[in-house]
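First comes the structure, then the notes that go with it.
The values are calculated or read from the model by the stated rules, or taken from the named source; none is laboratory data. Every value quoted in this text rests on a predicted model; they were computed, and no experiment measured them. Please note: Cβ atoms are built from the backbone with ideal geometry, for glycine as well, and neighbour counts cover all protein chains shown. SASA here: full protein model, heavy atoms, side chains in, ligands and nucleic acids out. Shrake-Rupley method; radii C 1.70, N 1.55, O 1.52, S 1.80 Å.
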Amino acid sequence: MVQSAARMPAYFISHGGGPWPWLPDWRAEFAPLEASLAQMPAQLPQRPKAVLMISGHWESDCFAVMSAAKPPMVYDYSGFPAETYDITYPASGAPDLARRAADLIEQAGLPSRLDPEMGFDHGCFVPMAVMYPEADIPLFQVSLRHGYDPDQHFRLGRALAPLRDAGVLIVGSGLSYHNLGLFGPAAKQPSQQFDAWLDGSLALPQPARTAALLNWEQAPAARTCHAKEDHFAPIFAALGAAEDEPATRIYHQTGIFGGVTASGYRFG
């Protein structure tokens, strides 16, 4: 695959909390996020042939690739109203692209497998329901790998980068702040500190940008904001897929649930 004028950007997005678009109070809380996600299709050079989502809610012992033609739903949240467990997002899968993705990952010397059983988790179907509410874009996921090693996930993104020239939109879906035990005013300072570090690091020239992200644990309040980095690790893959391309902040919100600051980015 050769680079084309229609090369897709890559993204690191926030997917918010639980099934928020179906909850009126939560939808109001995440109104800036909803606006950001809804604007993403207009930022693309063409309609995607497929969306490849790397969600903070799926990890495996290798880089597993969803290969079902009609993936099921995965309601990987708890404590929400009963109707949120009946949500459907009936997008088709992308089996051919899934096989291509698995081949690219293996060619990069990384372990991979096709997973014909995995369905859309909420880190995937929630933002897609805002981005493409008609569910008319083929959609598949690639898992994180246990341990969240930044270098391996950068390598994953580099391996998947050629898909961008085939019309595939690569989206890392997580949160730039994810500490379920620390919300409200106590989250204000650490989330602001980490968010400022992230924005500054993404503005660095290469190779300093990659080096900063590889050493993200040295950032201010890093382990306060991400005691477990499952929701931050998708950024490594997104950056690897667009490693030398500029970052643009497309989402920034302060005071979420009384204190949290969070951001999302486009690369390329």
Without any contact (Cβ under 8 Å) to a residue 24 or more places away in the chain, more than 15 Å from the chain's Cα centre (by Cα) and not in a helix (DSSP H, G or I) - does that describe any residue in region 121-139? yes
Within region 247-268, of all residues that are part of a loop (DSSP other than H, G, I, E, B) and touching a Gly at 6+ places or on another chain (Cβ under 7 Å), the one nearest to residue 40 (Cα to Cα) is 257
Can you tell me which of (1) assigned to a helix (DSSP H, G or I); (2) modelled with pLDDT of 95 or more is the one residue 187 doesn't meet? (2)
So which of 146, 178 ends up being in contact (Cβ under 8 Å) with a residue 24 or more places away in the chain and either surrounded by 17 or more Cβ atoms within 10 Å (Cβ to Cβ) or over 18 Å from the mean Cα position of the chain (by Cα) (or both)? 178
Could you go through region 212-227 and let me know if any residue there is of a type outside the set (A, V, I, L, M), within 26 Å of residue 35 (Cβ to Cβ) and either over 17 Å from the mean Cα position of the chain (by Cα) or open to solvent by less than 50 Å² (accessible area, probe 1.4 Å) (or both). yes
Considering every residue within region 164-174, establish whether at least one is over 26 Å from residue 53 (Cβ atoms), touching a helix residue (DSSP H, G or I) at 6+ places or on another chain (Cβ under 9 Å) and of a type outside the set (Ser, Thr, Tyr). no
Is it the case that region 156-166 has a residue that's closer than 30 Å to residue 99 by Cβ, in a helix (DSSP H, G or I), open to solvent by 40 Å² or more (accessible area, probe 1.4 Å) and in contact with a strand residue (DSSP E or B) (Cβ under 8 Å, 6 or more places away or on another chain)? no
Take residue 254 and tell me if it is at pLDDT 95 or above, open to solvent by 50 Å² or more (accessible area, probe 1.4 Å) and closer than 23 Å to residue 32 by Cβ. yes
So which pairs qualify, if the first residue must be in region 208-229 and closer than 14 Å to residue 240 by Cα, the second must be open to solvent by 60 Å² or more (accessible area, probe 1.4 Å) and modelled with pLDDT of 95 or more, the Cβ gap must be under 7 Å, and the two must be at least 6 apart or on different chains? 212/204; 214/151
